[in-house]
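First the structure, in the form of structure tokens, and then the observations on it.
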Amino acid sequence: MDGESTAAVTAVGDGGGGDGGRGEAGMSQEVMEEERKHLKQIANSFLHYKPYVMRRVERLQRDYSSLPSAHRDMLPLYPSLLLSGICSLWRQWRGTSDFVQTIVSCAAGMFENSNFERDGGEGVAPALDFHVEKVKTTIKQFYRDWSSEGAAERDMCYKPIIDDIIRLFPPDKIPSGEVSILVPGAGLGRLAYEIARRGYSCQGNEFSMHMLFGSHFILNCVSQPSSHTIHPWVTQFSNMMSYEDQTAPVAVPDVNPRALPQLGLFSMTAGDFLDVYRTPDSWDCVACSFFIDTAHNIIQYLESIYHILRPGGYWINMGPLLYHYADIPGEFSLELSWDDVLRIARDEIGFDILVTCSFLLDTGQHNNRSMCATKHEYRRGEVFPVPHTDPRILIQMTTNVYVPQLPGNRETPHPLSTRCVNSERAHQNTPHPLPHGRYNITQFAESKFSTL
């Protein structure tokens with residue numbers, strides 16, 4: 001029977017989802033103030049979405065006005081189309097702006113030190129455009145994770161993971177509530193939610209505070225399907241088939257996020273994966289969807305995943321190697337080939353490779369009406385049975401080979417798609433958006449948080 005779970009906030013432990021870390025009482029005033037300022041900066045970037053959109057629209061007007069008169073004569077209908085588009089953008093912006101302001105209001109009090117709304121925003125500089133770009137990414141992620149229009153993309157990148165979890169931990173043979181599953185790089189929490197909805201004890205972990213604001217809102221403050229309308233493509237001016245496509249509305253969420261079975265636990269953690277999860281032998285499964293290439297040093301991720309898995313546990317990995325720090329000046333980035341990643345996982349760390357498979361499909365988080373889409377090649381491999389008693393087991397589903405277009409035959413058993421939620425980390429100027437990693441574990445699926 002479905003129900004609504006109680007949410008809670010506890011201090012971050014050193015792994016395993018426990019509460020053994022220091023809470024706000026254990027922090028210095030300097031650290032608390034640093035974290036508070038960071039949260040205010042995140043909130044500020046959401047609240048600057050309106051001027052960001054309007055600056056973009058004003059630029060369109062200026063650019064048209066600066067055209068040679070001969071070129072303007074070639075576009076007799078363009079002024080009316082543009083003005084009509086601007087009016088439409090303004091109307092659509094109002095809906096999306098109300099949405100992002102609601103996210104900020106919901107986030108006030110999300111953590112023990114997140115009193116940015118009560119502070120009134122003092123001490124926070126105007127939001128930079130690259131911070132607002134992260135708000136745009138978050139809104140687009142709502143489309144992919146929490147709309148009916150994004151269902152096809154979710155089936156591509158989440159369903160294969162869920163299918164493997166059910167196959168490895170069949171509910172008719174293993175009490176699903178006793179199976180602990182970790183989803184690092186959880187974004188807006190849909191994959192973790194879907195795993196928990198099937199009765200497993202699941203915890204998502206996310207690095208980006210923009211995504212954490214969004215996931216807290218959708219999981220804790222929303223209980224009715226289609227209760228909000230967004231316009232995720234309103235700032236996307238390239239590859240438009242028509243102006244109507246650009247301003248198309250999208251209803252979110254497609255389900256009631258608070259409707260979960262009373263079988264397992266569902267929670268989210270804020271912070272760097274390597275900082276939060278250190279307790280050995282604490283998870284039955286680690287499910288990664290387009291996550292491991294967010295590392296500065298991918299070997300650290302492999303070692304940490306092996307360390308926190310119980311003997312006989314499973315690491316299910318999906319995604320390419322689009323190393324997020326590869327082209328960021330001053331950032332360390334270890335960029336290994338997939339062959340080397342597999343070799344290190346198997347020969348140096350100790351994983352047993354159960355299966356590798358990959359396919360060719362569209363990538364995610366893009367407008368279905370757009371003229372442009374990216375595609376990845378995924379190759380299917382052989383299945384090698386491995387006893388459950390062996391140390392740790394890797395199920396790998398994808399590689400990072402890129403091709404320009406799809407072939408005519410797309411008959412694939414496990415279609416996959418690219419997850420772009422963490423791509424914003426490439427623009428991060430600091431190595432950690434959560435100062436010192438001292439944030440809280442937040443258990444979602446209720447309208448409010450309570451402090452244990």
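The values are calculated or read from the model by the stated rules, or taken from the named source; none is laboratory data. This one's a predicted model, so the numbers in the text were calculated from it and none came from an experiment. Neighbour counts are summed over all protein chains in view; Cβ atoms, including those assigned to glycine, are modelled from backbone coordinates with ideal geometry. Please note that ligands, DNA and RNA were not included when accessible areas were found on the heavy atoms of the full protein model with its side chains. Shrake-Rupley method; radii C 1.70, N 1.55, O 1.52, S 1.80 Å.
Data table
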{"item": "Overall Cα dimensions of the stretch 146-279 - principal axes, largest extent first, Å", "result": "52, 34, 27"}
{"item": "Charge context of residue 176, other residues only, Cβ under 12 angstrom, K/R +1, D/E -1", "result": "0"}
{"item": "Computed accessible area, residue 134, all protein chains, 1.4 angstrom probe, square angstrom", "result": "10 Å²"}
{"item": "Virtual spin-label span in nm between residue 310 and residue 70, 7 Å along Cα→Cβ", "result": "7.6 nm"}
{"item": "R0 of 22 Å, Cβ-Cβ distance residue 297-residue 353: FRET efficiency to nearest 0.05", "result": "0.55"}
{"item": "Fraction of accessible area attributable to carbon and sulfur, the stretch 138-220 (%, probe 1.4 Å)", "result": "52 percent"}
{"item": "FRET efficiency for residue 77 and residue 148, using Cβ-Cβ distance with R0 set to 35 Å, rounded to 0.05", "result": "0.55"}
{"item": "Solvent exposure of the stretch 172-297 as accessible area per residue, Å², 1.4 Å probe", "result": "29 Å²"}
{"item": "Net lengthening on full extension, residue 338/residue 58 (0.36 nm per residue, minus Cα-Cα)", "result": "96.3 nm"}
{"item": "FRET efficiency, residue 29 to residue 224 (Cβ-Cβ, R0 51 Å, nearest 0.05)", "result": "0.80"}
{"item": "Rounded to 5, the percent of DSSP beta bridges in the stretch 186-329 classed as antiparallel", "result": "20 percent"}
